[in-house]
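Below: one structure, written as structure tokens.
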């Protein structure tokens, strides 16, 4: 009886252990493993369910919860991707900053402005990315939108100089506004900034202005060019008729002089037409000596009236670059007129061209009043104007000139000694001499 009883007890224990392991321990272990996978981010984790007992019901509830969590997480990711794509489509830079100067959201344009990778900007401090500082911007020297909105939650507009990783500065206009949201059951205020690149704005504005002036100049030049061409043909026929009929040499000489002067007028209008031409989408081969000569021809009368002597010095070999001919003429026109403005009482402008290595170097040296040392770093900034002739300028000429040179892969720099004059140097890569046809 004792043996039989012991056997029955052992069988009951083994059966109970198998039952507990099969119907309790294994389902709980599977549920625990699925919970760990779900906690680690595997939202597609599910629990296999069998039967209709309480553990199977618990497994079904877990699967429904995981499926709901996966669906809502996917919707949240899609909403975040939509929000990111929305702000990336905005042409101006956009960033959202919290009260601790952390950038919660930035768009692609802002990352391009500060030359930071897209994935590295979010979460960084605003002063670190925009101003290359290790602590918040000093409020005594700079108007900080975060600090200003913290004091008075109203929109404001400021001008900042943002620093790139390479220490280059970018002039921007920031429009900042407060944004109130609920977080953790409390209302907090974030700062939304819209950042506009002023150099691009100046470029577009100047392009529109040049477009209007170009159309006006082209129309006037055409109105002059066409009658001159007809008059030249008639004059040429008259000159041939005088020669055939043996008229006096004096009449023939007078007609020849008229024809030469008319040719000069036609050449000038032709240069004006080329100057007013719109930039080509495809860059072309441009002879810089010819560009300088065309520009000086148009400004010769202005130089004579201002008492300015024009001196040019070019080598025998051609100085050719790959660029837009009209932009190179506009660049030369801006630099020459800038030199004229620096010499209100007359002087000398020397334009020198040379080939250094594989670079075309042009220097515009004037004997004007010079630029103060403390103003020299700002002369290429948009809207910065300090004309010596007392006229209020727009401050766009040098900013646009630098943009034109940089678009050709070149560099525009300036040096000056106050009271002695200034020198502007243009360095542009030479057209590849190995390219066929160049």
Consider segment 123-178. How many of its residues are surrounded by 13 or more Cβ atoms within 10 Å (Cβ to Cβ), in contact (Cβ under 8 Å) with a residue 24 or more places away in the chain and not in a strand (DSSP E or B)? 14
Going residue by residue through segment 270-287, is there one that turns out to be at pLDDT 65 or above, assigned to a helix (DSSP H, G or I) and buried (at least 16 other Cβ atoms within 10 Å of the Cβ)? no
So which of 404, 428, 400 is at pLDDT 90 or above, buried (at least 20 other Cβ atoms within 10 Å of the Cβ) and not in a loop (DSSP other than H, G, I, E, B)? 428
Restricting to segment 301-335, and then to whatever is surrounded by fewer than 12 Cβ atoms within 10 Å (Cβ to Cβ) and assigned to a helix (DSSP H, G or I), can you tell me which residue is modelled with the lowest pLDDT? 301
Output the helices (runs of 4 or more DSSP H) that fall wholly within segment 36-121 and possess 3 or more residues being within 27 Å of residue 150 (Cα to Cα), or say none. 54-88, 108-114
If residue 118 satisfies every condition in (1) at pLDDT 90 or above; (2) under 21 Å from the mean Cα position of the chain (by Cα) but one, which is the exception? (1)
Report yes if residue 360 is at pLDDT 90 or above, in a helix (DSSP H, G or I) and farther than 30 Å from residue 160 by Cβ, otherwise no. no
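Residues are listed down the side, and each one gets a yes or a no for (1) at pLDDT below 85; (2) loosely packed, with under 11 Cβ neighbours inside 10 Å; (3) touching a helix residue (DSSP H, G or I) at 6+ places or on another chain (Cβ under 9 Å):
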residue	(1), (2), (3)
47	yes, no, yes
61	yes, no, no
68	no, yes, no
75	no, yes, no
95	no, no, yes
99	no, no, yes
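Looking at this structure, is residue 112 out of contact with any helix residue (DSSP H, G or I) (no Cβ under 6 Å at 6 or more places or on another chain) and either farther than 20 Å from residue 190 by Cβ or buried (at least 19 other Cβ atoms within 10 Å of the Cβ) (or both)?
Against the criterion (out of contact with any helix residue (DSSP H, G or I) (no Cβ under 6 Å at 6 or more places or on another chain) and either farther than 20 Å from residue 190 by Cβ or buried (at least 19 other Cβ atoms within 10 Å of the Cβ) (or both)), residue 112 qualifies.
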Would you point out which residue out of 103, 65 is in the same structural domain as residue 146 (by TED's automatic domain parsing) and under 54 Å from the mean Cα position of the chain (by Cα)? 103
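The values are calculated or read from the model by the stated rules, or taken from the named source; none is laboratory data. Computed from a prediction, not measured in an experiment: that's the story for all the values here. In this analysis, Cβ positions are derived from the backbone assuming ideal geometry, glycine residues included, and neighbour counts consider all displayed protein chains.
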